[in-house]
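Working notes, structure below.
The values are calculated or read from the model by the stated rules, or taken from the named source; none is laboratory data. Quick caveat, the model's predicted, so the values are computed rather than measured. So basically every Cβ, Gly included, is an ideal-geometry build from the backbone, and we count neighbours across all protein chains shown. Note: areas computed on protein heavy atoms with side chains; ligands, DNA, RNA excluded. Shrake-Rupley method; radii C 1.70, N 1.55, O 1.52, S 1.80 Å.
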Amino acid sequence: MLSRVLNLKIFFRDPDKKRFSIIIKEMIIYGWIKKELPTDYIRKFLYRKEIKNYKNYLSLNQFNSIITSKKMVFPEISSILNNKLSFSYYFSQHNLPIPKLLGYNLKSFYYFNDTVKVVANKSDLADYFKNVFKITGEKKLFLKLLNELGGKGIILLSEETLEMDLALHADGLLNNSYIHQKVLVQHAEINKIHSGSINSVRIVTYIDKNNDIHILSALMRFGIGKSIVDNISSGGFFISINMDSGSLKGHGVQHITKGLLKVTKHPISNVELNGFKIPFFLEACELSKKAAIYLPNRIVGWDIAIGVDGPIIIEGNHNPSLHLSDVAYGGYCSHPLIKEILKDIKMA
């Protein structure tokens with residue numbers, strides 16, 4: 001509810017609004033058609049002058065009906081998607097490209113190289129990670145909370161600044177559970193846009209009633225500034241991908257609660273976004289379809305990094321932030337497969 005209030009605050013600051021008389025009219029029509037309060041009219045920037053087909057965007061109830069449908073999302077599959085340790089082991093077993101798992105901890109129990117160590121304090125933490133750096137030869141480690149989404153709780157540990165890093169993160173590491181991964185090396189072309197974070201492609205897959213796998217849409221997220229993640233909740237932005245050409249399309253936008261950023265060039269690198277061709281995009285699409293075979297929720301959002309030698313699956317999301325895909329696609333309700341999904345759910 002707080003985020004909806006923030007939406008209004010930012011909405012009033014946006015200079016790119018239609019006339020208020022048009023906005024009020026459209027909100028009434030949108031609410032009448034969707035049979036609910038038109039909160040997503042603001043959230044999805046439908047009030048902006050460029051948006052003509054505002055009726056074609058998912059409402060909040062439509063979005064919730066998809067991601068909570070027992071016909072679309074299955075708890076036993078979601079439990080693997082949602083636990084990063086389970087996800088890592090499962091996809092490794094099936095030889096799908098994911099970040100290499102170097103170790104993990106379950107609270108105070110730290111697992112590395114077929115050994116278990118009980119870590120009780122910051123000194124123990126330092127000893128543990130010094131040993132990991134020494135044996136693996138890695139200079140940095142990427143740590144992720146087992147059950148967090150949206151880039152929350154991610155830690156980058158560096159051998160060079162380990163003492164300083166642990167001074168910041170020791171409490172979290174001693175009281176929570178993390179996977180410890182090898183840091184990905186991003187493709188040089190993607191680094192041209194932004195090298196400060198891994199910038200991932202979000203591909204939404206859908207499995208129809210005949211068990212055929214489709215890609216609904218794709219977008220790409222980019223970090224900004226010093227953030228080590230590209231997540232929209234961390235202030236990054238997203239931009240649509242042309243499914244035919246594999247190139248970025250249009251302009252990038254932030255989540256409305258993070259600001260009014262609307263960019264044609266990355267704010268840091270100044271690289272032009274529209275038309276920028278994503279390396280290995282076709283391979284990323286094929287990889288997402290393959291991943292959907294092994295974790296067949298009928299709708300999943302796959303986050304895929306573009307590595308030096310090809311795409312790498314970062315994670316799968318049982319709740320695939322369809323509001324982002326809706327905006328990037330330009331109104332999901334005009335998508336024939338979304339129409340099929342909504343009809344299928346309604347018949348349940």
Residue 23 - would you say it is within 25 Å of the chain's Cα centre (by Cα), farther than 30 Å from residue 177 by Cα and open to solvent by less than 20 Å² (accessible area, probe 1.4 Å)? no
Out of the residues in the stretch 333-344 that are open to solvent by 20 Å² or more (accessible area, probe 1.4 Å) and within 22 Å of residue 41 (Cβ to Cβ), which is nearest to the chain's Cα centre (by Cα)? 333
Pairs, first over 11 Å from residue 223 (Cβ atoms) in the stretch 182-196, second open to solvent by 60 Å² or more (accessible area, probe 1.4 Å) and part of a loop (DSSP other than H, G, I, E, B), C-beta under 6 Å, six or more apart: 182/100; 185/308; 187/308
Quick check: is even one residue across the stretch 318-332 within 20 Å of residue 242 (Cβ to Cβ) and open to solvent by 60 Å² or more (accessible area, probe 1.4 Å)? yes
Within 18 Å of residue 249 (Cβ to Cβ), in contact with a strand residue (DSSP E or B) (Cβ under 9 Å, 6 or more places away or on another chain) and at pLDDT 95 or above: is that true of residue 293 in this structure? no
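Which of the residues belonging to the stretch 232-245 are in contact (Cβ under 8 Å) with a residue 24 or more places away in the chain and within 19 Å of the chain's Cα centre (by Cα)?
If we filter the stretch 232-245 for residues that are in contact (Cβ under 8 Å) with a residue 24 or more places away in the chain, which is where we start, we get 232-241, 243, 245.
Residues satisfying the conditions are 232, 233, 234, 235, 236, 237, 238, 239, 240, 241, 243.
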Check every one of the helices (runs of 4 or more DSSP H) wholly within the stretch 246-348 and list those with 1 or more residues that are free of Cβ contacts under 8 Å to residues at least 12 places away in the same chain and among the basic types (Lys, Arg). 336-346
Complete set of residues in the stretch 300-312 that are buried (at least 23 other Cβ atoms within 10 Å of the Cβ) and among the β-branched types (Val, Ile, Thr): 300, 304, 306, 312
Assess whether residue 24 counts as being assigned to a helix (DSSP H, G or I), in contact with a Phe, Trp or Tyr (Cβ under 6 Å, 6 or more places away or on another chain) and not hydroxyl-bearing (Ser, Thr, Tyr). no
Could you tell me how many of the residues in the stretch 255-270 are open to solvent by 50 Å² or more (accessible area, probe 1.4 Å) and more than 16 Å from residue 323 (Cβ to Cβ)? 6
Taking strands (runs of 3 or more DSSP E) that fall entirely within the stretch 72-165, which contain at least 1 residues that are of a type in the set (Ser, Thr, Tyr), closer than 29 Å to residue 287 by Cβ and open to solvent by 20 Å² or more (accessible area, probe 1.4 Å)? 101-106, 109-112
Every residue from the stretch 9-21 that is closer than 13 Å to residue 46 by Cα and either part of a helix (DSSP H, G or I) or at pLDDT below 85 (or both): 11, 20
Would you confirm whether or not the stretch 51-68 contains a residue that is touching a strand residue (DSSP E or B) at 6+ places or on another chain (Cβ under 6 Å) and not hydroxyl-bearing (Ser, Thr, Tyr)? no
I'm checking my understanding of the structure. Among residues of the stretch 31-45 that are within 14 Å of residue 63 (Cβ to Cβ) and of a type outside the set (D, E, K, R), which one is surrounded by the fewest Cβ atoms within 10 Å (Cβ to Cβ)? 37
Could you say which residue among 53, 61 is touching a residue at least 12 places away in the same chain (Cβ under 8 Å), surrounded by fewer than 18 Cβ atoms within 10 Å (Cβ to Cβ) and under 25 Å from the mean Cα position of the chain (by Cα)? 61
Would you say residue 269 is closer than 20 Å to residue 198 by Cα, in contact with a helix residue (DSSP H, G or I) (Cβ under 8 Å, 6 or more places away or on another chain) and not basic (Lys, Arg)? yes
